[in-house]
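Scroll down for the structure; my scribbles are underneath it.
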Amino acid sequence: MTSTFREDTDEGRLDLDVDGTNVGHINYDVDGSVATIAHTEVDTAFEGNGYGGELVRESLRRFDERGMTVRPTCPFALAWIKQHPEFAAQVDSSMQAQVASNGHGQH
């Protein structure tokens, strides 16, 4: 199985292809040194295979390489980062409190 990421920085979109088939994408907006992850979507036929997490992880890697922080306004991306606290330092200060909270006492 071969995973390939394609990014269109003009459109603010990162796509994930697996064996030549698009399985999902992330939409983002950039404002200066902050990238807002607005939406994560995985095709229903491919849900449950970790592709959403792969998209979030790769987008975080790319933004980090560019010296950017992220604002995960997408509920999936925010939840993923909460589950992977090693990425919390990349979250913009405006959202650090949301990343640090565990959501209504549940973890």
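Only the coordinates and a few stated rules stand behind these numbers; no lab work does. These numbers come from a predicted model, not from an experiment. Here the Cβ is made from the backbone with ideal geometry for all residues, glycine too, and neighbour counts use every protein chain on show.
Computed from the C-beta positions of residue 44 and residue 84, the FRET efficiency with R₀ = 25 Å rounds to 0.55.
Near residue 47: Cβ cut-off under 14 Å, other residues only, Lys/Arg at +1 and Asp/Glu at -1. The net charge is -3.
Roughly how many debye, to the nearest 20, is the charge dipole of the chain about its Cα centre, given +1 on each Lys and Arg Cβ, -1 on each Asp and Glu Cβ, and no other charges?
Values: 8 positive and 18 negative charges, 95 e Å.
It comes to approximately 460 debye.
The residue among 45, 76, 3 whose Cα reaches farthest toward the positive pole of the charge dipole of the chain, with charges on the beta-carbon of Lys, Arg, Asp and Glu, is 76.
Extending 7 Å from Cα along the Cβ direction at residue 5 and again at residue 97 yields two label points whose distance is 3.1 nm. Between helix 51-65 and the chain there is an angle of about 70 degrees, using the helix long axis and the longest principal axis of the Cα atoms.
With 0.36 nm allotted per residue and the present C-alpha distance subtracted, the residue 21-residue 57 stretch has 11.0 nm of extension available.
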